[in-house]
Amino acid sequence: MASEAYGEVTERLRRSTVQVRSGSQGSGSGVIWTSQGVVITNAHVIRGSSPVVELWDGRRLAARVLQHDRRRDLAALQIDSGSLPAAAHGDSAALRPGELVIAVGNPMGFVGAVSTGVIHRVERPWIVSDVRLAPGNSGGPLANAKGEVVGINAMVADGLGLAIPANSVARFLAAGHERQPGLGVVVHPAALDGQIGFVVLEVVPGSRAERASIRQGDVLIGAAGSRFRSAEDLERAIGTATSGTLAIQFRRGASPAIRTAVAQLAHATARAA
């Protein structure tokens, strides 16, 4: 890519990237998804009830949460400002190993920082690349060489950057506000043994999860005897449970032992095995 073209692409991305501040937990990044003020970020970036979005030109705007899904680790915010520089969206399914990608975010307080790398692999539910990410990059864009956003940066695992595919963002937005009966946990997806797990960050008091003896720090690894392979699998397992109960496999602490908790999705109590 010529330096002039690269400069234009990165500048457009920087203008479509925002800083998201929420509560007292620091800040992350976000992407202006529509010119009408919809901003996409990671769910784990949203810690408080009153997030604030800072635009590339320094303006700070109050945001409200439109959608929030811890299982997908995605959140959609709305800010009241029109004619915003929305990012172009790319097809994450078209990515191939070796393809150049660009990450923009606000790592360690450096606003609009840019890093580049190449795709290592694309596997559900992650785009895996060697872009350099740091705290503050979460929620920011991963773009192809044309500047089209193909993913939302989420975490680092084994020195590689993991991003949620843009096609998953499209499905998240299409789902709207519809929600399946929840377990009552706040979780964060994490790479685990080449697959996916969900670290329990919080258990809602009185929830189905608490009644099933699931605790903060547990790692949910499967349901109904099947390992989770994507960020949508936990939600899918809850939505397709037909017996009124759901057997959830998890690990606790440093023990490699796999436990099972039977969560009652109807009205009863349950206990971890």
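The values are calculated or read from the model by the stated rules, or taken from the named source; none is laboratory data. All values derive from a computational prediction rather than experimental measurement. Note that each Cβ is placed from the backbone with ideal geometry, even for glycine, and that neighbours are counted across all protein chains shown. Protein only, heavy atoms only, side chains kept; ligands, DNA and RNA dropped before computing areas. Shrake-Rupley method; radii C 1.70, N 1.55, O 1.52, S 1.80 Å.
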Hey, residue 140 surrounded by 24 or more Cβ atoms within 10 Å (Cβ to Cβ), of a type outside the set (S, T, N, Q) and over 28 Å from residue 239 (Cβ atoms) or not: yes
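Being farther than 18 Å from residue 83 by Cβ and either open to solvent by less than 20 Å² (accessible area, probe 1.4 Å) or in a helix (DSSP H, G or I) (or both) is the requirement here; does residue 18 meet it?
Values: farther than 18 Å from residue 83 by Cβ: no; either open to solvent by less than 20 Å² (accessible area, probe 1.4 Å) or in a helix (DSSP H, G or I) (or both): yes.
No: the conditions fail for residue 18.
Filter region 111-130 down to residues that are assigned to a loop (DSSP other than H, G, I, E, B) and either aromatic (Phe, Trp, Tyr) or within 17 Å of the chain's Cα centre (by Cα) (or both) and give me whichever is nearest to residue 16 (Cα to Cα). Outline the logic, then answer.
Here is the first cut: in region 111-130, the residues assigned to a loop (DSSP other than H, G, I, E, B) are 111-112, 124-125, 130.
Filter again for either aromatic (Phe, Trp, Tyr) or within 17 Å of the chain's Cα centre (by Cα) (or both), leaving 124-125.
On the way: 124: 26, 125: 24 Å.
Per the criteria, the residue is 125.
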Residue tally, condition open to solvent by 10 Å² or more (accessible area, probe 1.4 Å), within 15 Å of residue 43 (Cα to Cα) and under 16 Å from the mean Cα position of the chain (by Cα), over region 177-211: 6
Complete set of residues in region 93-130 that are aromatic (Phe, Trp, Tyr) and surrounded by 17 or more Cβ atoms within 10 Å (Cβ to Cβ): 126
Failed item, numbered, when residue 133 is tested on (1) loosely packed, with under 15 Cβ neighbours inside 10 Å; (2) of a type in the set (A, V, I, L, M); (3) in a loop (DSSP other than H, G, I, E, B): (1)
Subset of region 44-59 [surrounded by 20 or more Cβ atoms within 10 Å (Cβ to Cβ) and free of Cβ contacts under 8 Å to residues at least 60 places away in the same chain]: 46, 51, 53
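Of everything in region 143-160 that's more than 13 Å from the chain's Cα centre (by Cα) and open to solvent by less than 30 Å² (accessible area, probe 1.4 Å), which residue is nearest to residue 5 (Cα to Cα)?
First, pick out the residues of region 143-160 that are more than 13 Å from the chain's Cα centre (by Cα): 143-150, 157-160.
Now restrict to residues that are open to solvent by less than 30 Å² (accessible area, probe 1.4 Å): 143-144, 147, 149-150, 157.
Working: 143: 14, 144: 13, 147: 10, 149: 16, 150: 19, 157: 31 Å.
Taking the candidates together, the pick is 147.
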Candidates 172, 198, filtered to the one that is among the hydrophobic types (A, V, I, L, M, F, W, C) and either at pLDDT 95 or above or in contact with a Pro (Cβ under 8 Å, 6 or more places away or on another chain) (or both): 198
Test: residue in region 233-253 that is under 26 Å from residue 123 (Cα atoms) and either in contact with a Cys (Cβ under 9 Å, 6 or more places away or on another chain) or acidic (Asp, Glu) (or both): yes
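If you go through region 193-226, how many residues are of a type in the set (Ser, Thr, Tyr), free of Cβ contacts under 8 Å to residues at least 12 places away in the same chain and at positive phi? Steps first, please.
Let us first name the residues in region 193-226 that are of a type in the set (Ser, Thr, Tyr), namely 207, 213, 226.
Then drop every residue that is not free of Cβ contacts under 8 Å to residues at least 12 places away in the same chain, which leaves 226.
Now restrict to residues that are at positive phi: none.
Of the residues in region 193-226, 0 are of a type in the set (Ser, Thr, Tyr), free of Cβ contacts under 8 Å to residues at least 12 places away in the same chain and at positive phi.
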Residues located in region 60-92, provided they are at pLDDT 95 or above, open to solvent by 20 Å² or more (accessible area, probe 1.4 Å) and not in a strand (DSSP E or B): 85, 86, 88, 91
